[in-house]
Amino acid sequence: MQQIRSQVTERAGLYELDAGSDVLDSPRYNHDIAPTQVQERTWNKWHITALWIGMSICVPTYTLGGVLTAYFGLSVGEALLAILLANIVVLIPLTLNAFAGTKYGIPFPVLLRSSFGIIGSNVPCLIRALVACGWFGIQTMFGGLAIHLFLGSIFEGWKALGGTGEVIGFMIFWTLNLWVVLRGAESIKWLETLSAPLLVAVGIGLLVWALPSVSLTELLAIPPKRPEGASVTGYFMAGLTAMVGFWATLSLNIPDFSRYAKSQKDQILGQIFGLPLTMFLFAALGVVMTAASVKLVGVTVSDPVSLIGHIQSPGWVALAMALIIIATLSTNTAANIVSPTNDFQNLAPKLIGRTTAVILTGLVGLALMGHELLKKLGLLISDVSLETVYSNWLLGYSSLLGPIAGIMVVDYFIIKKQRLDLAGLYRDDVYPAWNWHGFIAFGVPVALTLMSLGSSAFNWFYSYGWFTGSALGGMIYYGLCSWRSPQVATAKTPT
């Protein structure tokens with residue numbers, strides 16, 4: 001006979017839910033967003049390290065140095081320093097927001113129910129999901145190009161397809177991504193674990209190939225592309241904010257992965273080992289490779305897929321493209337599909353299962369890349385480049401996501417004191433449907449950011465958007481909760 005009331009038990013600091021009919025019959029629950037059981041939390045620090053290596057070594061990371069020098073007016077040295085500092089900074093919300101996922105086994109949208117309400121959580125979830133779908137489309141574009149070049153190195157006639165071949169490659173890679181995620185978290189874990197050493201080997205190989213063709217001293221001496229005599233502070237902080245924005249999405253939905261961690265120590269060490277140094281080294285590799293590309297292939301090429309495509313040896317091109325396909329697949333599945341899959345399920349857990357949510361993620365990502373795909377098919381003429389879109393996007397969306405990060409940290413650590421009603425997060429009778437404290441704390445920084453765009457005096461608020469947004473959002477949320485006792489519950493179970 002099925003028990004009526006859910007039970008929560010604790011094992012070595014990790015909590016699990018024995019769901020009763022009160023939760024199982026709730027419209028806020030399904031199996032995919034349910035808390036993981038303790039025996040399901042099998043990821044140690046090396047699995048999490050491999051996860052971050054797999055996500056960090058990707059085409060957009062490779063191009064970050066070029067983005068900062070071309071669009072943000074930084075020198076090469078300043079750009080690399082901004083990348084390193086940004087990834088140290090972003091470790092703070094990453095590790096803090098991962099705590100609840102590890103302790104309670106809950107994914108990102110369920111954790112948001114504490115700070116934004118059971119139904120209100122869908123608003124920040126959908127903001128996060130849209131960004132992830134956009135990145136899914138961008139990464140799939142790079143993966144599709146790699147498949148196109150791979151097939152072109154094997155079948156001579158394939159090259160004649162041009163843009164049509166790239167679109168076919170896009171659809172092949174699109175399908176492959178969805179297939180991996182549909183197989184579940186264990187498939188992602190093993191993909192990341194197996195791909196991490198291969199990706200490190202690719203980076204070393206590219207560096208060995210490029211170093212004889214570039215002078216690092218001359219590279220670091222290249223003057224920045226900003227007005228002569230201009231202060232470096234504003235340019236550097238704008239670039240730093242953009243680089244924080246690169247992982248601003250994961251700093252929110254890291255519980256989607258930390259819910260599988262064996263312990264808090266594993267999730268913390270795994271992120272410290274895997275993120276900052278990998279991002280710095282691969283971005284530095286991109287700077288070196290771009291500088292060396294003129295001597296290597298005769299033209300300046302800013303992404304590794306196109307650069308390797310210029311190599312005249314079909315065998316080396318095929319091998320390199322296969323490894324890049326693996327690299328992009330490991331990034332895309334973990335960073336850009338898992339979160340929106342959970343987010344879309346949060347809308348209506350009884351109606352939207354994992355399969356439906358994965359397909360929905362794929363379709364939104366496909367739609368967002370429709371402009372670029374039509375260009376490649378020759379059906380649309382446009383001067384808007386993919387690189388311009390995501391370099392501008394980095395700064396803009398980080399300003400929107402910063403307040404959410406600040407609110408989540410303050411809610412869990414200060415307001416709730418790391419105590420959540422685990423069963424109550426899946427019902428309608430414990431937490432409010434809408435927590436207006438969260439929405440006010442989110443809305444004020446976003447409104448100020450939008451207003452600052454039209455004011456030269458307050459443009460800094462936008463340029464430093466993630467920092468100003470997260471700090472202000474967290475402070476407003478704390479102030480509202482302290483001023484008036486929030487209508488949200490803390491745990492009714494011992495912690």
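The values are calculated or read from the model by the stated rules, or taken from the named source; none is laboratory data. This structure is a prediction, so every number in the text was calculated from the model and none was measured. Backbone-built Cβ (ideal geometry, glycine too); neighbour counts: all protein chains shown. For the accessible areas, the whole protein counts, side chains as well, though only heavy atoms, and no ligand, DNA or RNA atoms are used. Shrake-Rupley method; radii C 1.70, N 1.55, O 1.52, S 1.80 Å.
What residue, among those in region 275-307 that are touching a residue at least 60 places away in the same chain (Cβ under 8 Å) and part of a loop (DSSP other than H, G, I, E, B), is surrounded by the fewest Cβ atoms within 10 Å (Cβ to Cβ)?
Out of the qualifying residues, it is S302.
Output the residues belonging to region 410-425 that are closer than 15 Å to P107 by Cα and aliphatic (A, V, I, L, M).
Within region 410-425, L420, L422, A423, L425 meet the criteria.
Return the total of residues in region 433-457 being surrounded by 19 or more Cβ atoms within 10 Å (Cβ to Cβ) and outside any helix (DSSP H, G or I).
1
Just to verify a result, which residue in region 258-296, among those that are of a type outside the set (A, V, I, L, M) and at pLDDT below 85, is nearest to F99 (Cα to Cα)? Break it down into steps so the answer makes sense when it comes.
Initial filter on region 258-296 (of a type outside the set (A, V, I, L, M)): 258-260, 262-267, 270-271, 273-274, 276, 278, 280, 282, 286, 290, 293, 295.
From what's left, at pLDDT below 85: 286, 290, 293, 295.
On the way: G286: 33, T290: 39, S293: 43, K295: 48 Å.
For region 258-296, the residue satisfying everything is G286.
Restricting region 1-31 to residues that are acidic (D, E) and under 19 Å from L420 (Cα atoms), which is surrounded by the most Cβ atoms within 10 Å (Cβ to Cβ)? Quick ask: steps written out before the conclusion?
Pass one, region 1-31, residues acidic (D, E): 10, 16, 18, 22, 25.
In the following step, the residues that additionally are under 19 Å from L420 (Cα atoms) were identified as 10, 16, 18, 22.
On the way: E10: 13, E16: 20, D18: 13, D22: 17.
Applying the filter and picking the extreme gives E16.
Could you identify the single residue in A82, A50, A98, A34 that is crowded, with 24+ Cβ neighbours inside 10 Å, touching a Gly at 6+ places or on another chain (Cβ under 9 Å), under 30 Å from A441 (Cα atoms) and among the aliphatic types (A, V, I, L, M)?
A82
Tell me, yes or no, whether region 119-131 has at least one residue that is open to solvent by less than 10 Å² (accessible area, probe 1.4 Å), at pLDDT 90 or above, closer than 30 Å to A320 by Cβ and over 21 Å from the mean Cα position of the chain (by Cα).
no
Determine which member of the set G184, G163 is in contact with a Gly (Cβ under 9 Å, 6 or more places away or on another chain) and not aliphatic (A, V, I, L, M).
Step by step, each of G184, G163 is checked, and only G163 is in contact with a Gly (Cβ under 9 Å, 6 or more places away or on another chain) and not aliphatic (A, V, I, L, M).
Regarding region 417-424, can at least one residue be identified that is of a type in the set (A, V, I, L, M, F, W, C), under 23 Å from Y477 (Cβ atoms), at pLDDT 75 or above and open to solvent by 30 Å² or more (accessible area, probe 1.4 Å)? Steps first, answer last, please.
Step one: filter region 417-424 for residues of a type in the set (A, V, I, L, M, F, W, C), giving 420, 422-423.
From what's left, under 23 Å from Y477 (Cβ atoms): 420, 422.
Keeping just the survivors that are at pLDDT 75 or above gives 420, 422.
Subset that is open to solvent by 30 Å² or more (accessible area, probe 1.4 Å): none.
Checked region 417-424: no residue is of a type in the set (A, V, I, L, M, F, W, C), under 23 Å from Y477 (Cβ atoms), at pLDDT 75 or above and open to solvent by 30 Å² or more (accessible area, probe 1.4 Å).
Would you confirm, using the coordinates I've provided, whether T355 is in contact (Cβ under 8 Å) with a residue 24 or more places away in the chain, surrounded by fewer than 17 Cβ atoms within 10 Å (Cβ to Cβ) and more than 19 Å from R128 (Cβ to Cβ)?
Values: in contact (Cβ under 8 Å) with a residue 24 or more places away in the chain: yes; surrounded by fewer than 17 Cβ atoms within 10 Å (Cβ to Cβ): yes; more than 19 Å from R128 (Cβ to Cβ): yes.
Criteria met by T355.
Picking from A146, A160, which residue would you name as being modelled with pLDDT of 85 or more, part of a helix (DSSP H, G or I) and open to solvent by 10 Å² or more (accessible area, probe 1.4 Å)?
So the residue among A146, A160 that is modelled with pLDDT of 85 or more, part of a helix (DSSP H, G or I) and open to solvent by 10 Å² or more (accessible area, probe 1.4 Å) is A160.
Only one of G169, G120, G101 is part of a loop (DSSP other than H, G, I, E, B) and in contact with a helix residue (DSSP H, G or I) (Cβ under 9 Å, 6 or more places away or on another chain); which?
G120
Given the criterion closer than 30 Å to L363 by Cβ and touching a Pro at 6+ places or on another chain (Cβ under 6 Å), identify the matching residue among P107, P124.
P107
Kindly list, by first and then second residue, each pair from a residue in region 224-244 that is charged (D, E, K, R) to a residue that is surrounded by 11 or more Cβ atoms within 10 Å (Cβ to Cβ) and assigned to a helix (DSSP H, G or I), limited to pairs with Cβ atoms under 7 Å and residues at least 6 apart or on different chains.
Filtered contacts from region 224-244: K225/T69; K225/A70; R226/Y235.
Give me a count of the residues in region 19-70 that are part of a helix (DSSP H, G or I), within 23 Å of W247 (Cβ to Cβ) and either aliphatic (A, V, I, L, M) or out of contact with any helix residue (DSSP H, G or I) (no Cβ under 9 Å at 6 or more places or on another chain) (or both).
Count: 10.
If you take the residues in region 308-322 that are crowded, with 18+ Cβ neighbours inside 10 Å and within 25 Å of the chain's Cα centre (by Cα), which one is farthest from A146 (Cα to Cα)?
In the first step, residues of region 308-322 are kept if they are crowded, with 18+ Cβ neighbours inside 10 Å; the result is 308-309, 317, 320-321.
Among the residues that remain, those that are also within 25 Å of the chain's Cα centre (by Cα) are: 320-321.
On the way: A320: 9, M321: 5 Å.
Selected residue: A320.
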